[in-house]
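Participant: Please find one structure pasted underneath; my questions will follow.
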Amino acid sequence: MFTVLALALIPATRYYQIDQPLLRLFRGAGAVDPLALHLEGEFVENNLGTEQGADGSVTVRMIAQQYLFVPHCILVPAGVPVHLRITSADAVHALAFNGTDYNVKVLPGTISEAQLRFANPGEFKTVCREFCGAGHYAMRSALKVVPREQFPVLQAGERGNCAVQ
Ligand code: CUA
């Protein structure tokens, strides 16, 4: 059992040793520091979750990390454009919503963007589809799509999540 665990951890440790310095070297403008996500910039904690635009569309900001997605449950209104912005705090992950074709690769040091739209209310399991280490298969969270009129009206600067529903 220990051997299996040790083998599973190799990709994760390898990333820290080799890939991260390389990424630092080559990353350009608009990049984010995976080690400072919680300290500064777009992905600080109170900026995560769903933000409502004046046109009714929403922007969702998330972090993928071993082995969870933050926030753990995303709330969005049905039938509006959803702009997803997500980055990784460590390894390479892939965010997918079961039952949809959406599959977003998430890399440390860069922001992955995707335009999503969920026509109908419902609940989707969000899963990681890129092997990212020992806890990969437990990297699960949720996306809740509510009717547009049930989505809370957010104040400027406020972020929505499943808890405020
Ligand atoms: Cu994250 Cu697999």
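The values are calculated or read from the model by the stated rules, or taken from the named source; none is laboratory data. Bear in mind that the values here come from a model prediction, so they are computed numbers and not experimental data. Every residue, glycine as well, gets a Cβ built from its backbone with ideal geometry; the counts of neighbours run over all protein chains shown.
Participant: Going residue by residue through the stretch 112-119, is there one that turns out to be modelled with pLDDT of 95 or more, surrounded by 20 or more Cβ atoms within 10 Å (Cβ to Cβ) and polar (S, T, N, Q)?
Facilitator: No: the stretch 112-119 contains no residue that is modelled with pLDDT of 95 or more, surrounded by 20 or more Cβ atoms within 10 Å (Cβ to Cβ) and polar (S, T, N, Q).
Participant: For the stretch 114-134, what are the residues that are in contact (Cβ under 8 Å) with a residue 60 or more places away in the chain, out of contact with any Lys or Arg (no Cβ under 8 Å at 6 or more places or on another chain) and within 8 Å of the ligand (Cβ to nearest atom)? Write out each step before concluding.
Facilitator: Let us first name the residues in the stretch 114-134 that are in contact (Cβ under 8 Å) with a residue 60 or more places away in the chain, namely 128, 131-134.
From the residues that got through so far, the ones that are out of contact with any Lys or Arg (no Cβ under 8 Å at 6 or more places or on another chain) too are 131-134.
Across the stretch 114-134, the qualifying residues are Phe131, Cys132, Gly133.
Participant: Follow-up question, since we're still on this one. Within the stretch 33-65, track down each residue that is farther than 15 Å from Gly109 by Cα and either touching a His at 6+ places or on another chain (Cβ under 8 Å) or within 14 Å of the ligand (Cβ to nearest atom) (or both).
Facilitator: Scanning the stretch 33-65 gives Glu45, Ser57, Val58, Thr59, Val60.
Participant: Related question: If Gly160 passes every condition in (1) within 16 Å of the ligand (Cβ to nearest atom); (2) at pLDDT below 95; (3) not aliphatic (A, V, I, L, M) but one, which one does it miss?
Facilitator: Answer for Gly160: the failing condition is (1).
Participant: Cβ-Cβ distance below 9 Å, separation of 6 or more or different chains: which pairs start in the stretch 94-106 with a residue that is under 15 Å from Gly122 (Cα atoms) and assigned to a loop (DSSP other than H, G, I, E, B) and end on one that is of a type in the set (Val, Ile, Thr) and more than 10 Å from the ligand (Cβ to nearest atom)?
Facilitator: Asn98/Thr126
Participant: Looking only at residues that are over 19 Å from Glu130 (Cβ atoms) and of a type in the set (S, T, N, Q) in the stretch 50-107, which one is surrounded by the most Cβ atoms within 10 Å (Cβ to Cβ)?
Facilitator: Across the stretch 50-107, the extreme among qualifying residues is Thr50.
So that you can scan it fast, the table gives a plain yes or no per residue for (1) at pLDDT 95 or above; (2) closer than 19 Å to Arg117 by Cα:
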{"position": "Ala54", "(1), (2)": "no, yes"}
{"position": "Val58", "(1), (2)": "yes, yes"}
{"position": "Ile63", "(1), (2)": "yes, no"}
{"position": "Val76", "(1), (2)": "yes, yes"}
{"position": "Leu84", "(1), (2)": "yes, yes"}
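Participant: Please go through the stretch 117-137 and pick out each residue that is part of a strand (DSSP E or B) and either out of contact with any Phe, Trp or Tyr (no Cβ under 6 Å at 6 or more places or on another chain) or farther than 14 Å from Val76 by Cα (or both). Before you say what the answer is, go through the steps one by one.
Facilitator: First, the residues of the stretch 117-137 that are part of a strand (DSSP E or B): 117, 122-128.
Listed by number, the residues that qualify are Arg117, Gly122, Glu123, Lys125, Val127, Cys128.
Participant: Counting only residues that are aliphatic (A, V, I, L, M) and modelled with pLDDT of 95 or more, which one in the stretch 135-157 is nearest to the ligand (Cβ to nearest atom)? It would help to see each step written out before you state the result.
Facilitator: Initial filter on the stretch 135-157 (aliphatic (A, V, I, L, M)): 138-139, 142-143, 145-146, 153-154, 156.
If we keep only those that are modelled with pLDDT of 95 or more too, we end up with 138-139, 142-143, 145-146.
Working: Ala138: 9, Met139: 4, Ala142: 15, Leu143: 16, Val145: 22, Val146: 26 Å.
If we take residues in the stretch 135-157 being aliphatic (A, V, I, L, M) and modelled with pLDDT of 95 or more, then Met139 is nearest to the ligand (Cβ to nearest atom).
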